[in-house]
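Notes follow once the structure below has been shown.
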Amino acid sequence: MDTFLSKRPSDCHILIVDDDEIICEMLRDALKDKYHVTASTTGKDAFCKIDATDFDIVITDLKLPDTSGIEILSYVKCKDEYSEVIMVTGYASLDSATIALNLGVFSYFTKPVVIDELLIQVEKAVALRLFHLKSIMLMNQSEMMPAGAKDHIHDITQLYNFIRKLMLSIEVPEIMRITLEDVNNRLGAECALVGVDLLGFSEIFAMPRTGVLGSDALHAFIGDHFKTCFPNLNKAKFDDVQIPLFVYKGKQGECTLEKTWYPVVIPLTVTDRGIGTLVLFFRNRECFTTDQTQFLFVFSSIVSSVIEHGYSVLQARHQAKTDSLTGVANHRFFHETLEREIARSNRKGCTFVLILIDIDNFKKINDTYGHQVGDAVIVDLTKRIGLIIRAGDILARYGGEEFGLILPETDLYGAEVLASRILNAFTAKPLTYLHHKISYSASIGIAVYDGSRPVKKDILIRTADDALYESKRSGRNRFTVGTITV
């Protein structure tokens, strides 16, 4: 087994086992830039390659012409229990998944494989593999270590169960809670923090070892140590409370922030890319020993990969329902929300309103100023609406320069008041962009749904759309209330 402490992700060897040569080639192309990749199309060839090479990761199909992926998994684990195996299959069953999990499979995919999701799992598996190699290396060297360092070998070997638990969670808040709690308890820090700057997210999470910390006091405390602790985050945004600060409760007890606490800052990186920092505050410098440094770097290398995966999932969810230009809900999420609101209204008999908004003469704006200015007008419109609507209202980009607005628990009077405010917001002040002053207006169509009789979503949208175009025909920059007809 290769246990060199200096082994990097790019040194890892991956075996792909699938009887479909096209899939083998597809996976090889996706992985070859980061890892050493080998492929087999039969079990016999795979067994020979496994005997000849210490593979770090094996990606295998469940069904092969001459064996099964379960046999491949078992064979790999018999040779090296710390090699990680990812199962891919088009014939998933509860029994096969259960057997694979019991044998220690790292993750389980069904075909067709989404390459981006597979790459995330491979990166996590590689991180866990390297953790084990580093742990074994430290254990082999334990007789040469001072007594203080030996104490942390036990911590490092126990980290395996922590990582397994951590990887079960894909929710960022839970990942952070587990991470902060574990590192506080293991190393006896007074307070632990994680700051991330990743995939468009800039956030800070904190947990004292004991007690509860007030957000205002902690914000001031972090501000005093900001440049040291979070060099990749924007201090001005933090001071302006634009970087969210999430504070968890520690174990039973009390905690009082002290300016004299000694900070230990560990970079969080994934394949040499910085994603943030892990910060531990100790009561004084003597409370942190250099022997703990190795543990922290091993710990952070694993946690980094899990954190990145959590944010990748969060980003994917966000993108699935968000318009990339404006940041408001997209067409798909609009339809899903409208269907839910109709169902809720039918069930409870409550009234809600659908509003459609279309920018007047938008083609003329694009033709006169260019598409870049046109995009700026679209973004400006969403910002102006966002300042007016309630937290529970849903604004979505319906298509092009058209927007949908879903107003729960709203009647006709409330809709008319809001529509008037929206129209006034557009015309109150021109948009200044690229030295241009652009005045614009919009037309609005309104449909009110009271749940008294079921109406299909398409009819409700058509009602608002017809009302919108009546506003256009009547001179623009106005709203019209439509009448639902079945």
Give or take rounding to whole Å, what are the principal axis extents of the alpha carbon atoms in the chain, in descending order? 86, 66, 49
Counting sequence-distant residues (5 or more places) and residues on other chains, those with an amide H built under 5 Å from that of Ala329 are Asp323, Leu395, Arg397
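Which net charge results when you count Lys and Arg as +1 and Asp and Glu as -1 among the other residues whose beta-carbon is under 10 Å from that of Ile23? Write down the numbers at each step before the final one.
Details: positive: Arg28, Lys111; negative: Asp18, Asp19, Asp20, Glu21, Glu25, Asp61.
Summing Lys/Arg as +1 and Asp/Glu as -1 gives -4.
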So, relative contact order of region 1-71 in percent, Cα under 8 Å, 6 or more apart, is 38
Calculated from DSSP H runs of 4 or more alone, at -39500 (n - 2.57) each and per residue, what is the 222 nm mean residue ellipticity of the chain, nearest 500? -15500 deg cm²/dmol
Test of understanding: ordering His335, His435 by Cβ neighbours within 10 Å, fewest first, what list do you get? His435, His335
Report ³J(HN,Hα) in whole Hz for each residue of region 18-23, in order, from the Karplus equation J = 6.51 cos²θ - 1.76 cosθ + 1.60 where θ = phi - 60°; Gly and Pro get x. 7, 6, 8, 5, 5, 5
Cα extents of region 331-481 along the three principal axes, largest first, in whole Å? 52, 30, 25
Could you let me know the centre-to-centre spacing of region 424-486 and region 356-423, using Cα atoms, in angstrom? 9
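Evaluate the charge dipole of region 9-116 about its Cα centre and quote only its size in Debye, nearest 20, assuming +1 on the Cβ of each Lys and Arg and -1 on the Cβ of each Asp and Glu. Can you show the working numbers first?
Working: 9 positive and 20 negative charges, 27 e Å.
Once rounded to the nearest 20, the dipole reads 140 debye.
For the chain, what is the percent of antiparallel DSSP beta bridges, rounded to the nearest 5? Spell out each step's value before the answer.
Numbers: 47 of 73 bridges.
If I count the DSSP bridges inside the chain, around 65 percent turn out antiparallel.
Could you give the length gained by full extension between Asp411 and Thr110, i.e. 0.36 nm per residue of separation minus their alpha carbon distance, to one decimal place? Intermediate values should be presented prior to the final figure.
Values: separation 301, 0.36 × 301 = 108.36 nm, distance 4.68 nm.
My answer for the length gained is 103.7 nm.
FYI, it's all coordinate maths here, none of it is from the lab. This structure is a prediction, so every number in the text was calculated from the model and none was measured. Cβ atoms come from the backbone with ideal geometry, glycine included; neighbour counts cover every protein chain shown.
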